[in-house]
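Each remark here refers to the structure printed beneath this line.
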Amino acid sequence: MPGTRYSAGIDREQAYANPEFIDGTQACAEKDPEMFFPTTQAYVAAMPAIRVCRRCPLLTKCGTWAINTRQETGVWGAMTPRQRRATVAKNGGKW
């Protein structure tokens, strides 16, 4: 339901955002979106979502989208926000 907030403070609309690559084959399709928005930034808290992402056929597209659109929250493409920022910095970019 749009507008409903998760405990992590993430709006359900954001959790259900449909990037152009989403085609129904994503591993997260049947999972609770809250799993992908842990309440802490700790890597350990993100591990359940990362495990799901690692099995996904859209892993690379999802991670690329999250980096290109500068997603500040959530696990996308098996990466936490900190990992995405580090990837950008490693490749000479700025977040």
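Things to note:
- The lone criterion from (1) modelled with pLDDT of 90 or more; (2) open to solvent by less than 70 Å² (accessible area, probe 1.4 Å) left unmet by ARG82 is number (2).
- When residues of segment 1-55 are limited to those that are among the β-branched types (Val, Ile, Thr) and touching a strand residue (DSSP E or B) at 6+ places or on another chain (Cβ under 9 Å), the one modelled with the highest pLDDT: ILE50
- Lone qualifier among THR25, THR87 - being among the β-branched types (Val, Ile, Thr), open to solvent by 30 Å² or more (accessible area, probe 1.4 Å) and in a loop (DSSP other than H, G, I, E, B): THR25
The values are calculated or read from the model by the stated rules, or taken from the named source; none is laboratory data. Please read all numbers here as calculations on a predicted model, not as lab measurements. Virtual Cβ from ideal backbone geometry, glycine too; neighbours counted across all protein chains shown. We work out accessible area using only protein heavy atoms, side chains counted, and drop any ligands, DNA or RNA first. Shrake-Rupley method; radii C 1.70, N 1.55, O 1.52, S 1.80 Å.
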